[in-house]
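The values are calculated or read from the model by the stated rules, or taken from the named source; none is laboratory data. In this text, all values refer to a predicted model and were calculated from it rather than measured experimentally. Neighbour counts run over all protein chains shown; Cβ positions are idealised from the backbone, glycine included.
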């Protein structure tokens, strides 16, 4: 017997036990509502999705072609439509996640209005978005199952059995979310408290970066300031404790290092013995040897190998790292994080270059053989220009004639049909598979795709609708495409839950129900 039929039988037993007071309760209706609400709490979701992600990590360790992907979402509807589309096109959500970007929360969800990615937005807005995303995904389940239940009512014989099988084997839209907690929004206790809200909302995976919380910058902007390792490790431990307290024992922590592009630190690390973690952090500082006689008022000095060394301090009161140490610092950050409770790494880079990423991962794997990354396929990169320039350099190195190309102007449309551009596009197409194989990247995400697609589609609609296309700008550019591509939200009333509401009206009021989905509903035109 199916779970659905089991529930009908169980609820029928409850009805019999309660007697006449429950005469109006239909066990099948209650079983349907139960099936449409498989996940009762955010913790149910976090436990369910953590297992998915752990299984995917193990599968990747065995076969690097089994990497995972996600797209960033800034609204529940965006996440819902993405997963509905994935199920429609691929009949599975396997190895496809959601990414929640702190950048998009800052830019699109803050009550202060649009903000830069500097942790100035309300920190609870992030956990609220996690909850919202899962609310929309749960409704996608309810909507899809509701349609199957209506088909079940109309079917007979073998068709009925086939629909019953679809109900029993329903593939949920609920998938893991990798949630961005920035630099923790404060000290380790603040990180712990916020992490608990993330997990209670449904997050099985939390990403944290090694920047100073109150100096936080977007990973692709200048002015980034990192913290000593011990400060960062305290926040990793705080997140782990939050997972354990809430019973999500296999929760995932992504430790992000911004050291590649961060040339500054706010603190000189505490060190007790030569070669300890604090000493290693301080070894990257840009210093000059001084004597007691040459020291100035307010100087900070460190002693190493019997010498007094003065770190270079800027007017901002920040200390400077030596130029060219970024990759070495990233490797140390990553090894240290994995040795102290992190599960995955994130190395923020300034360009999408497999050799650069792979070089660092190779060094990390000398110590942690199964180290693997989450990687930001960022819209902050000019992918076209980067890969055309990489192809230009490769062709030149191979001795090919590149005199027809201006390396600095390769973004130009005049190059689109050239051998170089076509080869570069192929490298972009295979970038994720190549990087998964050659650079240890387990998860590929695009942080801000729906920010850009919303802007692009709105620009195209506004240009046509307010221009000479008028209403045809909407009909040809939007609705006709929705209908022909089978986009579910062309029936926008259905997507907003009107059919689910009608089902409930039936359950609650029977023949007295005033329903929206009758013959005069214009949604029937679709």
Just wondering, is there one or more residues in the range 131-149 that are at positive phi and surrounded by fewer than 17 Cβ atoms within 10 Å (Cβ to Cβ)? no
Determine, yes or no, whether residue 479 is in contact with a helix residue (DSSP H, G or I) (Cβ under 8 Å, 6 or more places away or on another chain), surrounded by 15 or more Cβ atoms within 10 Å (Cβ to Cβ) and either outside any helix (DSSP H, G or I) or not assigned by TED's automatic domain parsing to the domain that holds residue 57 (or both). no
Those helices (runs of 4 or more DSSP H) completely within the range 1-85 that have 1 or more residues that are farther than 30 Å from residue 441 by Cα and not assigned by TED's automatic domain parsing to the domain that holds residue 449 are 3-18, 27-35
From 445, 472, 420, grab the single residue that is part of a helix (DSSP H, G or I), modelled with pLDDT of 95 or more and surrounded by 17 or more Cβ atoms within 10 Å (Cβ to Cβ). 420
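Per-residue answers, yes or no, for (1) more than 21 Å from residue 252 (Cβ to Cβ); (2) within 16 Å of the chain's Cα centre (by Cα):
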residue	(1), (2)
127	no, yes
144	yes, no
152	yes, no
160	yes, no
163	yes, no
167	yes, no
172	no, no
178	no, yes
Pairs returned, first residue in the range 509-526 that is surrounded by 10 or more Cβ atoms within 10 Å (Cβ to Cβ), second residue that is part of a loop (DSSP other than H, G, I, E, B), beta-carbon separation under 7 angstrom, 6 or more apart or interchain, are 523/491; 526/491
If only one of 344, 385 is assigned by TED's automatic domain parsing to the domain that holds residue 216 and in contact with a helix residue (DSSP H, G or I) (Cβ under 8 Å, 6 or more places away or on another chain), which one is it? 344
Select from the range 351-361 the residues that are under 18 Å from residue 325 (Cβ atoms) and surrounded by fewer than 18 Cβ atoms within 10 Å (Cβ to Cβ) and list them in ascending order. 356, 359
So is residue 18 over 21 Å from the mean Cα position of the chain (by Cα), closer than 27 Å to residue 455 by Cβ and either at pLDDT 95 or above or surrounded by fewer than 19 Cβ atoms within 10 Å (Cβ to Cβ) (or both) or not? no
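Residue-wise test of (1) surrounded by fewer than 17 Cβ atoms within 10 Å (Cβ to Cβ); (2) assigned by TED's automatic domain parsing to the domain that holds residue 228; (3) touching a residue at least 40 places away in the same chain (Cβ under 8 Å); (4) more than 30 Å from residue 441 (Cβ to Cβ).
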{"residue": "242", "(1), (2), (3), (4)": "no, yes, yes, no"}
{"residue": "263", "(1), (2), (3), (4)": "no, yes, yes, no"}
{"residue": "274", "(1), (2), (3), (4)": "yes, yes, no, yes"}
{"residue": "303", "(1), (2), (3), (4)": "yes, no, no, yes"}
{"residue": "314", "(1), (2), (3), (4)": "yes, no, yes, yes"}
The listed residue being part of a loop (DSSP other than H, G, I, E, B) and crowded, with 20+ Cβ neighbours inside 10 Å, out of 269, 238: 269
Quick check on my filter: what residues within the range 508-523 are assigned to a helix (DSSP H, G or I) and either assigned by TED's automatic domain parsing to the domain that holds residue 82 or more than 20 Å from residue 140 (Cα to Cα) (or both)? 508, 509, 510, 511, 512, 522
When the residues of the range 454-469 are narrowed to those that are in contact with a helix residue (DSSP H, G or I) (Cβ under 9 Å, 6 or more places away or on another chain) and in a helix (DSSP H, G or I), which ends up surrounded by the most Cβ atoms within 10 Å (Cβ to Cβ)? 464
Taking the options 64, 92, 119, name whichever one is loosely packed, with under 15 Cβ neighbours inside 10 Å, touching a residue at least 24 places away in the same chain (Cβ under 8 Å) and within 21 Å of the chain's Cα centre (by Cα). 92
Would you be able to tell me the number of residues in the range 362-378 that are assigned to a helix (DSSP H, G or I) and either at pLDDT below 95 or surrounded by fewer than 22 Cβ atoms within 10 Å (Cβ to Cβ) (or both)? 3
Among (1) part of a loop (DSSP other than H, G, I, E, B); (2) within 17 Å of residue 434 (Cβ to Cβ); (3) in contact with a strand residue (DSSP E or B) (Cβ under 7 Å, 6 or more places away or on another chain), residue 357 falls short only on (1)
Could you go through the range 25-38 and let me know if any residue there is surrounded by fewer than 16 Cβ atoms within 10 Å (Cβ to Cβ) and closer than 18 Å to residue 173 by Cβ. yes
